[in-house]
1. Only one residue in 58, 54, 48, 132 is assigned to a helix (DSSP H, G or I), over 30 Å from residue 198 (Cβ atoms) and in contact (Cβ under 8 Å) with a residue 12 or more places away in the chain. Which one?
2. For the stretch 61-88, which residues satisfy the criterion of being touching a residue at least 60 places away in the same chain (Cβ under 8 Å) and hydrophobic (A, V, I, L, M, F, W, C)?
3. Taking the options 151, 187, name whichever one is part of a helix (DSSP H, G or I) and surrounded by fewer than 18 Cβ atoms within 10 Å (Cβ to Cβ).
4. Please name all residue pairs, on different chains or six or more residues apart, with Cβ atoms under 7 Å, provided the first residue is in the stretch 222-234 and is closer than 18 Å to residue 252 by Cβ and the second residue is not in a helix (DSSP H, G or I).
5. Just to be sure, is residue 182 in contact with a Ser or Thr (Cβ under 6 Å, 6 or more places away or on another chain), at negative phi, among the β-branched types (Val, Ile, Thr) and at pLDDT 90 or above?
6. Listed residues 152, 183; which is acidic (Asp, Glu), under 23 Å from residue 129 (Cα atoms) and free of Cβ contacts under 8 Å to residues at least 12 places away in the same chain?
7. Would you mention how many residues in the stretch 61-96 are part of a helix (DSSP H, G or I) and of a type outside the set (Asp, Glu)?
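The values are calculated or read from the model by the stated rules, or taken from the named source; none is laboratory data. The shown structure was predicted, so the numbers you read here are calculated from the model rather than taken from an experiment. Neighbour counts are summed over all protein chains in view; Cβ atoms, including those assigned to glycine, are modelled from backbone coordinates with ideal geometry.
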Amino acid sequence: MKDDKPVSEPVEYQGAGQILKGRFQGIPFESPVTPAQLALDSEIQFDCHPGIACFNECCRNIDIQLTPYDIVRLKQRLGLSSQEFVARYTLPFEMDFHGLPGLKMITRPDSRACVFLGEDGCTVYEDRPAACRYYALGVMGVRKKESPLVEDVFFLVKESHCLGHNEPRKLTVRRYREEQGVDKYDEMNRDWRDLIIKKRSSGPTIGKPSERSMQLFDMCSYDMDSFREFIQTSGFQDIFDVDGATMERLLTDEEQLLEFACRFLKQVLFGEKSIPVKAGAGERRLETRREHIEKKRQAEIEAHKAHDPRDDLSARDD
């Protein structure tokens, strides 16, 4: 499609700037990303308002990755379950070469326009995704070499259709973020983002996650309804020591449930223990697993005994 945007997905890589320097001269499109790194108190010149000629043009050609908190806000607004929202309004994609599951907003049929774009603008504006709130700023998490901390790096996105950069208003990145209400989104998504960066940074030391790990990541990221049911199962409650008051909050407050889901992922995938485990839970789980394996083995033995190979020979003779 001729109106497609070039999609750029930054990779966490130390020294990439020096290695890639000068390697992309003569490429067939001009990147919309202004390479200068911005801090919270950096000043930008930008304004977007209904009176500007390009108003809503950015919504007519989208490529929006959805975060867990985006989905929570939008599904609540629309009165849908997590699974209903994902089925109706998202498309799956792989976030890395291991196939880590991600979701993008769908567009209108035969168009790149956002499905939530109405005649007067965004129909879900108060609950629009973080990517929409940030535009025309971009943000990525960067973990410096030998540092455990992930820092936010900001940059400008300048696309040919956007006239907002020609507006006279100047303000800091901090002020723009406050106006757009991204602080709450960043707060809710930070643990999830850091988990993805940790996986990318670990690289071969971790290897490809198991199918079970992928399923847990998908549930804890995009399906709070299923995760709510999961933490009420005996399989979860026999292992993790969550007091009654905390469990009540998790069952009634989806924001706290999302935060807990990220902690759970960090614990089961990377061993970052922040959820108490009941004494002896590991041993009991191992014993249960052994019993399961033994029952399965005995069933296979019984099935083999029930099937006498001589019966097959008799059938052939007949």
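1. Result of the check over 58, 54, 48, 132: 58.
2. 64, 66, 71, 72, 86
3. On the way: 151 fails: part of a helix (DSSP H, G or I).
Answer to the selection: 187.
4. 225/81
5. Taking the combined requirement at face value, the residue does not satisfy it.
6. Numbers: 152 fails: free of Cβ contacts under 8 Å to residues at least 12 places away in the same chain.
After ruling out the rest, the residue left standing is 183.
7. The first filter runs over the stretch 61-96 and keeps only residues part of a helix (DSSP H, G or I), leaving 68-78, 82-89.
From what's left, of a type outside the set (Asp, Glu): 68-69, 71-78, 82-83, 85-89.
Qualifying residue count, the stretch 61-96: 17.
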